[in-house]
């Protein structure tokens, strides 16, 4: 079966590639030549508004380039780019077989007055994984300079592309919501401690906001919460008493080391302090604790 690329055979495609490279070489020559012509008209070091010889017309750099661009029929901005790239790539330092577009990408590489550094960099193209050929592609040139390629290939490049598209918080919210609906994505995301903490914090914040809205609309809710907290507190005390009533008799006949007795005494001291704190909070309404109590309850 004949391999096809698009609507043509592989053999025809290879011929078109060869023809295309010849056309790009011609185009590259034309682009550099236009840039050289623009440099001749207005050297890169010319000052804006500089006066010419007495009696001659006073022209700005922009005006000279605009006239030339109009007369040859190309946009002034295009000619300005050609001029700048030509200034960074003197003819002797251009690499044959490398397109103007690749030269343009590397025009900002290295020192402005060191074309040799740029030339040497272009002489070492990477291997194209698809063809095995050592050649510069536009994406490879961008990668070599640490810039974003036009087509993302690696996982990191795809992640960066998504970040670029989701810079707006509204867009990011919709994207993350859609992603978290995927069970596998949600599971893997929650393995990240920072992400898990952010989600938990957001859940707490939203619950608090919802409860605040309910409180403002229905003051009776605060009374219900008060009753629930009272029940929980009484229940905690009863649970402690019940646990102690079950555990203490079971210790009959046990011998404890000095370290074990010391640990029990320390914990019973915390229990006493907690009991005093509960009574004070109920009697006075002050639920705060001083530094000494905080250290004691913290096990210090």
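The values are calculated or read from the model by the stated rules, or taken from the named source; none is laboratory data. Predicted, not measured: the structure shown is a model, and the values here were computed from it. Every residue, glycine as well, gets a Cβ built from its backbone with ideal geometry; the counts of neighbours run over all protein chains shown.
Computed quantities for the displayed model
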read-out: Residue 105 within 31 Å of the chain's Cα centre (by Cα) and free of Cβ contacts under 8 Å to residues at least 12 places away in the same chain; value: no
read-out: Residue under evaluation residue 30, criteria (1) at pLDDT 95 or above; (2) on the phi > 0 side of the Ramachandran plot, criterion not met; value: (2)
read-out: Output for the stretch 56-96, where each listed residue is at pLDDT below 95, farther than 30 Å from residue 122 by Cα and part of a loop (DSSP other than H, G, I, E, B); value: 56, 57, 58, 59, 60
read-out: Residue match in the stretch 46-55 (condition: at pLDDT 55 or above, surrounded by 11 or more Cβ atoms within 10 Å (Cβ to Cβ) and touching a helix residue (DSSP H, G or I) at 6+ places or on another chain (Cβ under 6 Å)); value: no
read-out: Any pair with Cβ under 8 angstrom, 6 or more apart, that starts in the stretch 109-124 at a residue that is more than 18 Å from residue 83 (Cβ to Cβ) and ends at one that is modelled with pLDDT under 90 and in a helix (DSSP H, G or I); value: 121/144
